[in-house]
Structures are given as C-alpha cells and as structure tokens.
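To keep things clear, I will list the structure first and then write my remarks on it.
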Amino acid sequence: ALVQSRLDYANSVLLNTTEHNLHKLQRVQNYLAKSIFPVYPPIPSAELVQNLHWLQIKDRIAFKVAVGLLV
C-alpha cells in the first residue's frame, strides 16, 4: 500500500511526462503486483494488475487529474 500510494502522490505533475518515465512507473507497479501475488507458474504482470483491479499508470494519472478537477 505504501508503494502504491507513492505512485499516486503527484499525478498532476506527471500528466505530461514522457513515455519513458511512464514506462518506468508502470514497471514499478508491475513489480509490486508480482510481489503481492507470487504465483507459479508465472503469469504476465499485466494480468496480475488487472486481477487486482488496478488501473495502468497512464490511466491512473488521467483518473486522478479528472477527479481533482471535480473537487
């Protein structure tokens, strides 16, 4: 929960970041999903993220910014 909250901390700053930086953040989220559910045989981390009902990093940023505009 601590790592996931840090990924969401400054989403408005990350709105126009490069694809390279988004890829790095997505990799962190994928590793986090694999550490929560270490499964054998290994399944793709994107599937684990989906099973956890987490949005991809790019979608999380868009969601948080959209919700922030409503408040």
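Annotations
- Sorted peptide list for 45-56, 8-19, criterion being average Cβ within 10 angstrom, highest first: 45-56, 8-19
- The mean accessible area for residues of the chain, using a 1.4 Å probe and ignoring ligands and nucleic acids, is 75 Å² per residue.
- For a straight C-alpha distance cut-off of 16 angstrom, the aspartates and glutamates reachable from LYS64 (same-chain residues fewer than eight places away being disregarded) are ASP8.
- Calculation over all alpha carbon pairs of the chain in 5 angstrom steps from 0 returns a P(r) of 3, 16, 27, 24, 17, 9, 4, 1, 0 percent.
- Anchor LYS24: lysines whose Cα lies under 18 Å away (excluding residues fewer than 8 positions away in-chain): LYS34, LYS58
- To the nearest ten degrees, helix 19-36 and the longest principal axis of the Cα atoms of the chain are 40 degrees apart.
- Average Cα contact separation per residue, the chain, under 8 Å, 6 or more apart, as relative contact order %: 43 percent
- Rounded to 10°, Cα long-axis angle of helix 57-70 versus longest principal axis of the chain: 40 degrees
The values are calculated or read from the model by the stated rules, or taken from the named source; none is laboratory data. Keep in mind the model is a prediction, meaning the values are calculated, not measured. Positions of Cβ are generated from backbone atoms using ideal geometry, with glycine treated the same way; all protein chains shown enter the neighbour counts. Please note that ligands, DNA and RNA were not included when accessible areas were found on the heavy atoms of the full protein model with its side chains. Shrake-Rupley method; radii C 1.70, N 1.55, O 1.52, S 1.80 Å.
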